[in-house]
Amino acid sequence: MRQVKIPYENLEQEIINELKKLGSEGLYKRGILATSSNDFVTARRMRFIPDGLKLYCWTAQLSRKHKQIMTNPNVAVVAGFIQIEGTASVKGHPLDEPEFLTHYKKQLPDEYENSIKDWYDFDQLLIVVEPKRMAVYKFPDKETGMTEYSLDILNISKGTAHRMLGIKHEYEDYRDAPAYIE
């Protein structure tokens, strides 16, 4: 396995475009949020609303995910072929967050109307996921010229982007690669 540096802005825009595409298709159909506390990890399907690289979702105040985030804000999200590692913060009620509401209504207007009705009935909290690192698997593709499997890593914390080449399969351990290490 080897790595090459790639333009940060290009990979950032590619990920933003893919999140928008997934969001317009209902990112919740493909998005999984993993949270943990006290060595206990849970994962569940969530409805995510993307805003650039940032993701919004919501939960009931009494939910396990809310309790886990309050204990350990480090989370992971999988959306399509994008893997996200980041930090979650819990905000107030979704209806009190105008920036989120604007993105949600624009991206999924039909679901927006239904959600607002539900939010009046339940004690909901908005969750904001700020990514630290994002990775996208790439597959051999004649159209793009990719001849081998690769993994593009956007390290937001460091402001770098790398392509890991020569990955034999998606289970190969790449965590020791310089692109992955903070």
For Lys21 and Thr87, extending 7 Å from Cα along the Cα-Cβ vector and measuring point to point gives, in nm, a value of 3.1 nm
Return one quarter of the surface area of the convex hull spanned by the alpha-carbon atoms of the stretch 8-133, equal to its mean projected area, in nm². 7.3 nm²
To the nearest 0.05, what FRET efficiency results for Thr160 and Lys117 with a Förster distance of 41 Å applied to their C-beta separation? 0.40
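Counting only C-alpha contacts under 8 Å and six or more residues apart, can you give the relative contact order of the stretch 1-103 as a whole percent? It would help to have the intermediate numbers written out before the result.
Details: 135 pairs, mean separation 24.5, N = 103.
Averaging sequence separation for qualifying contacts and normalising by length gives 24 percent for the stretch 1-103.
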Multiply the residue gap between Thr102 and Val78 by 0.36 nm, knock off their C-alpha separation, and tell me the result in nm, one decimal place. 6.3 nm
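Can you flag which of Lys20/Lys117; Lys54/Lys117; Lys132/Lys158; Lys65/Lys132; Lys54/Lys132 are past 18 Å Cα-Cα?
Numbers: Lys20/Lys117 25 Å; Lys54/Lys117 25 Å; Lys132/Lys158 9 Å; Lys65/Lys132 20 Å; Lys54/Lys132 10 Å.
Distance filter (> 18 Å) returns Lys20/Lys117; Lys54/Lys117; Lys65/Lys132.
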Around Pro131, what is the net charge, scoring Lys/Arg as +1 and Asp/Glu as -1 over all other residues with Cβ under 12 Å from its Cβ? -1
How would Asp51, Asp39 line up from fewest to most surrounding beta-carbon atoms within 10 angstrom? Asp39, Asp51
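None of the figures in this text is laboratory data; all of them are computed from the coordinates on show. All of these numbers come straight from a predicted model, not from anything done at the bench. Positions of Cβ are backbone-derived with ideal geometry, glycine not excepted, and every protein chain shown enters the neighbour counts.
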